Amino acid sequence: MFTIQTTSLSRAEALRRIRLLSGKDLRPLAEQYGVTVWKNGHKNKGWAGQVIEQYLGLPQNSLQAPDFGSWELKVVPLMRAADGTVRVKESMAITMIEPVEVVANAFADSHLYDKLRSMIVVARVIENVEDTSSILHSAAEFDLDNPSIRKQVEEDYEAIRELIRSKGVNTLTGDTGKYVQARTKGSGHGSTSRAFYARALFVAHILNLQKLAWLPRVFVEAEA
C-alpha cells in the first residue's frame, strides 16, 4: 500500500481514504507499517491510531496543534454485544492539560477547542483483549458547531479552568464536566499528568451525529 508523508491532507480526502478501510482488519496493517502492538507483555494502546496515521502519511509527533494543521484525527474503540450491536468502550483522550495555558486562555483560544472544532473520529471494534484482530467500523466527521453541545463543552472547560485557578491542577478529578472531564493520563496510579477526555457519552454522540447508513446503533458502556 502506497502512502505519502504529508502534514497538509484535507479532511474530506482523509475521510475518503479512511472509509476505504471500513470492514478491514487493522492488525495486518500494523505489521505492514511496523507499528508495535505488544512489546515485553505491554500493549501499545495507541497502535490503531498510529496505523491510521501511517496509512494517511502523517509523521508522528506530540504537538498540541491539530494533527493535520486544520483538523484532528482520533481513533476510538468499540465493543461488540452478543446481539451484534456495538458500544463505546471508554472515554477518548483529547489533549494534555498545561495548567498555565488553561488558566490563561478562554475556551475559544484553548488547545481543547483547537482539537474539538474539526475532527475525524475513527471507530474500531475490539474483538478480544489481545487485539489479535480489530475491524475498522466507521469514520465520522465532527465539528463543534451545535450550539448546545458547544455551550456544554465550554461550561465543562470553564469549570475545570476555575478549579485549576483556585485550587490547583492536583485537585482535578474526573467528576467535573458533563461531556469533557479532566483526569490523570499515563501509566500507574501515581501519574500526575492530566488530560482532557471526552466522556463515553460524548463519544457516542459524536459517532451517532453523522447518521451513517452503515453505523449500527451505539451504546455507551458505563463509566467508572
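Structural remarks
- Gain in span if fully extended, H42 to D25, counting 0.36 nm per residue against the direct Cα distance: 4.0 nm
- Peptides 98-109, 41-52 ranked from most to least packed, by the mean per-residue count of other Cβ atoms within 10 Å: 41-52, 98-109.
- Probe 1.4 Å, all protein chains present, accessible-area order of V121, V75, largest first: V75, V121
- Per-residue extension of 0.36 nm, minus the Cα-Cα distance of A159 and E101, leaves a gain of 19.4 nm for this segment.
- Backbone amide hydrogens, once placed in the peptide plane, bring N105 within less than 5 Å of nothing, excluding anything fewer than 5 places away on its chain.
- Taking each of K45/K89; K45/K167; K45/K115 in turn, the alpha-carbon distance tops 23 angstrom for K45/K167.
The values are calculated or read from the model by the stated rules, or taken from the named source; none is laboratory data. Owing to the predicted nature of the structure, the values given are computational and were not obtained by experimental measurement. Glycine gets a Cβ as well: all are built from the backbone with ideal geometry, and neighbour counts include every protein chain shown. Surface accessibility is based on the protein's heavy atoms, side chains included, excluding ligands, DNA and RNA. Shrake-Rupley method; radii C 1.70, N 1.55, O 1.52, S 1.80 Å.
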